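Peer 1: One structure coming up, written as structure tokens, with questions to follow.
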Number of protein chains: 2
Amino acid sequence: MGRNHRSPEELFSAARAGDRAALARLLSLVERGGAEAREIGGLGYPHGGHGYTVGLTGAPGAGKSTLTSAIVGQLRATGTEVAVLAIDPSSPFTGGAILGDRVRMQDHATDPGVFIRSMATRGHLGGLSLAAPEAVRLLDAIGREWILVETVGVGQVEVEIAGKADTTVVVVNPDWGDSVQANKAGLMEIADLFVINKADRKGVEETRRDLEGMLELSDLADDAWRPPILPVVSTTGDGVAAMWDAVLAHRAFIERSGELQRRRQFRLREELREIVGRRLEQRARELATGERWEQLQRHVFERTLDPWGAADEMLEGVGG
Amino acid sequence: MGRNHRSPEELFSAARAGDRAALARLLSLVERGGAEAREIGGLGYPHGGHGYTVGLTGAPGAGKSTLTSAIVGQLRATGTEVAVLAIDPSSPFTGGAILGDRVRMQDHATDPGVFIRSMATRGHLGGLSLAAPEAVRLLDAIGREWILVETVGVGQVEVEIAGKADTTVVVVNPDWGDSVQANKAGLMEIADLFVINKADRKGVEETRRDLEGMLELSDLADDAWRPPILPVVSTTGDGVAAMWDAVLAHRAFIERSGELQRRRQFRLREELREIVGRRLEQRARELATGERWEQLQRHVFERTLDPWGAADEMLEGVGG
């Protein structure tokens, strides 16, 4: 059999042994959804739970890609392997294609210790919120210890995806106020760390005070983690080491406090609910077609059956 | 048995015979949802299909209540009976309570040929989008020939509810641009008629040109209904008769063309899907509790079961 005809199981074994093409293929299948994605999820699941995810989010233009690239450089300097998942809900492009901003990541494109992947919507936004955690889970299952998840934008979907990481970094700029006004509350809620990127520009202190003021308002418990605020200049690398130290400190804190496990369990619970919800929706869609459905509708139009009775008859077909 | 202990069936018979207190009680039960609402829906459904609904929507302050009151006056002058359902998703008040703007409707409060009812959210916005059509259906089933549905606001829920009428009137003012900017497209889509209310103010011609320009863009078919634009001064009654003639003309047009039946069938189909969806959601919620669910989750946390497998096991309980 040719390389492109390997089964999910063969691809999974190969990816675990370091075959990047197999991993890329698996990610494409996961992104596409359906039966093969389900199979891959099942193959990977028993192996997962060891990788650590760091989410990075912020307004377009905040310099997330440059920061991600700098973090990758930082990790590679100590020999640490890393995977990057760059998610852009607004882009129609996906897969191996290097997105606009991703160009900067090409510094690391030939480094075998770095795996970079872009994901976009393929037209269905809802799909991404399921496909992204699947992709993360796969990277975890094949043994990647650090997984950086970068989302472009500060809308609800982006914040939701970034908020599903173990440590979430919110990237702002000295003039951040206007660019994220719409979703400041959402960003405050998910942030474990704030990075003021492009900190060589003026306005860093105002931005710090602004963030600290909002942290005051959020009324953190005494023993809670207090999100530090780190000035960084990604283009020169200034502050990147300190920023990464803060990520490590946050990781140590939530591992010690039990918060990491609580977060992961909460995420899994939410995801389970989502999977159940999708399955039910799918069944409802499957039922709401065909001759029987048309017939029930005709009875409703003719008023010989009411809508609730029709729904009940429909749902008799949803048996397990 | 006292008046307040009548069964839904007794209440329904009484309401059909003209008992307003019985009708008010039925509407409260419908609004509350649950088994009694379901029973009332079933009682009414075979009797429905004869009433005609006119939806009125527009930004807060556009003068919808005054217009509605003027229309009621117009109808009562010819002896026509009418029911008014005033829906305010942003208000916490509901039922018999006369809302702020409703005060103007008190002109008709003692007229037995007029039935006025306010509905608000009771905290769950989604509930209203199911309860409102139920209430309309009940008013139809007890024999009301004209049902005016007034929604306050131009958000998605309001536009959706108003758009479910047989004829939808969008109420704007000469300075409408800013107040509804956010949802102009949604309003254009549902409008069968535009009323420029407060037409004694300046800017009427600009508003008319603005609306006509948008109608040009919407690329109507040659044989389609073209929404007329009616200037009205609700406070004096100027233009109300002409506006109501336009409603009658629209009704005649969609009855003749078959569009009325298509609309009603489309609405019923959508509603059926919504009922099926809600039932499934409810089942999912019922399933996502209890010892079995906790146990499945523990298996997922311990990675002896993957999330899809857990979902499958859960869904075995969703039998018909």
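The values are calculated or read from the model by the stated rules, or taken from the named source; none is laboratory data. Nothing here was measured: the structure is a model prediction, and the numbers come from that model. Quick reminder, even Gly has a Cβ in these numbers, built from the backbone with ideal geometry, and neighbours come from all protein chains shown.
Peer 1: Counting just the residues of the stretch B:254-267 that are surrounded by fewer than 16 Cβ atoms within 10 Å (Cβ to Cβ) and of a type outside the set (D, E, K, R), which one comes out farthest from the other protein chains (Cβ to nearest Cβ)?
Peer 2: Among those residues, the one meeting the criterion is B:Ser257.
Peer 1: Which of the numbered conditions does B:Arg226 fail, given that it passes all the others? Conditions: (1) modelled with pLDDT of 90 or more; (2) more than 10 Å from every other protein chain (Cβ to nearest Cβ); (3) surrounded by 14 or more Cβ atoms within 10 Å (Cβ to Cβ); (4) in contact with a helix residue (DSSP H, G or I) (Cβ under 9 Å, 6 or more places away or on another chain).
Peer 2: (3)
Peer 1: A further question on this structure: Determine, yes or no, whether B:Pro231 is buried (at least 17 other Cβ atoms within 10 Å of the Cβ) and within 11 Å of chain A (Cβ to nearest Cβ). Lay out the reasoning, then the answer.
Peer 2: Working: buried (at least 17 other Cβ atoms within 10 Å of the Cβ): yes; within 11 Å of chain A (Cβ to nearest Cβ): no.
No; evaluated as a whole, the condition is false for this residue.
Peer 1: Looking at this structure, is A:Phe266 modelled with pLDDT of 95 or more and over 26 Å from A:Lys202 (Cβ atoms)?
Peer 2: No: the conditions fail for A:Phe266.
Peer 1: Applying the selection to the stretch B:45-60, what residues are buried (at least 18 other Cβ atoms within 10 Å of the Cβ) and either more than 22 Å from B:Glu150 (Cα to Cα) or without any contact (Cβ under 8 Å) to a residue 60 or more places away in the chain (or both)?
Peer 2: B:Tyr45
Peer 1: With respect to B:Glu286, is the statement that it is more than 7 Å from every other protein chain (Cβ to nearest Cβ), free of Cβ contacts under 8 Å to residues at least 60 places away in the same chain, part of a helix (DSSP H, G or I) and on the phi < 0 side of the Ramachandran plot true?
Peer 2: Yes, satisfied.
Peer 1: Which of the residues belonging to the stretch A:167-183 are more than 21 Å from A:Lys202 (Cα to Cα) and at pLDDT below 90? Break it down into steps so the answer makes sense when it comes.
Peer 2: We begin by selecting, within the stretch A:167-183, every residue more than 21 Å from A:Lys202 (Cα to Cα); these are A:167-169, A:182-183.
Result: A:Ala182, A:Asn183.
Peer 1: Restricting the stretch B:268-320 to residues that are among the hydrophobic types (A, V, I, L, M, F, W, C) and within 30 Å of B:Asp166 (Cα to Cα), which is surrounded by the most Cβ atoms within 10 Å (Cβ to Cβ)?
Peer 2: Within the stretch B:268-320, the subset among the hydrophobic types (A, V, I, L, M, F, W, C) is B:268, B:272, B:275-276, B:280, B:284, B:287-288, B:293, B:296, B:300-301, B:305, B:308, B:310-311, B:314-315, B:318.
Pick out the ones that are also within 30 Å of B:Asp166 (Cα to Cα) and you get B:268, B:272, B:275-276, B:280.
Working: B:Leu268: 16, B:Leu272: 20, B:Ile275: 20, B:Val276: 26, B:Leu280: 23.
The qualifying residue surrounded by the most Cβ atoms within 10 Å (Cβ to Cβ) is B:Val276.
Peer 1: Using the structure shown, decide if B:Thr68 is at pLDDT 65 or above, of a type in the set (Ser, Thr, Tyr) and surrounded by fewer than 18 Cβ atoms within 10 Å (Cβ to Cβ).
Peer 2: Values: at pLDDT 65 or above: yes; of a type in the set (Ser, Thr, Tyr): yes; surrounded by fewer than 18 Cβ atoms within 10 Å (Cβ to Cβ): no.
So B:Thr68 does not fit the description; no.
Peer 1: Kindly provide the set of residues from the stretch A:181-224 that are over 22 Å from A:Glu160 (Cα atoms) and polar (S, T, N, Q), ordered by number.
Peer 2: Listed by number, the list holds a single entry, A:Thr207.
Peer 1: Something else about it: Cβ-Cβ below 7 Å, separation at least six or inter-chain, first residue in the stretch B:75-93 and in the same structural domain as B:Glu31 (by TED's automatic domain parsing) and within 23 Å of B:Glu145 (Cα to Cα), second modelled with pLDDT under 85 and part of a helix (DSSP H, G or I): which pairs?
Peer 2: That search, which allows pairs on different chains as well, returns nothing.
Peer 1: Further question on the same structure: Could you grab me the full set of residues in the stretch B:295-309 that are within 10 Å of chain A (Cβ to nearest Cβ) and in a helix (DSSP H, G or I)? Explain how you work it out, then say what you get.
Peer 2: If we filter the stretch B:295-309 for residues that are within 10 Å of chain A (Cβ to nearest Cβ), which is where we start, we get B:296-298, B:300-309.
Selection gives B:Leu296, B:Gln297, B:Arg298, B:Val300, B:Phe301, B:Pro307, B:Trp308, B:Gly309.
Residue-wise test of (1) among the aliphatic types (A, V, I, L, M); (2) within 9 Å of chain A (Cβ to nearest Cβ).
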{"position": "B:Thr235", "(1), (2)": "no, no"}
{"position": "B:Val240", "(1), (2)": "yes, no"}
{"position": "B:Ala246", "(1), (2)": "yes, no"}
{"position": "B:Arg269", "(1), (2)": "no, yes"}
{"position": "B:Arg279", "(1), (2)": "no, yes"}
{"position": "B:Met314", "(1), (2)": "yes, yes"}
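Peer 1: Give me the helices (runs of 4 or more DSSP H) completely within the stretch A:5-71, filtered to those with at least 2 residues that are under 20 Å from A:Ile161 (Cα atoms), ordered by residue number.
Peer 2: Values: elements: A:8-16, A:20-32, A:35-44.
In the stretch A:5-71, the matching helices (runs of 4 or more DSSP H) lie at A:20-32, A:35-44.
Peer 1: Under 7 Å between Cβ atoms, at least 6 apart or on separate chains: pull out the pairs that start in the stretch B:228-242 with a residue that is of a type in the set (Asp, Glu) and end on any residue that is outside any loop (DSSP other than H, G, I, E, B) and at pLDDT 95 or above.
Peer 2: B:Asp238/B:Val232
Peer 1: OK, next. Residue under question is A:Val157, and the condition is that it be of a type in the set (Val, Ile, Thr) and modelled with pLDDT under 90; does it hold?
Peer 2: Numbers: of a type in the set (Val, Ile, Thr): yes; modelled with pLDDT under 90: yes.
Judged against the criteria, A:Val157 is a match.
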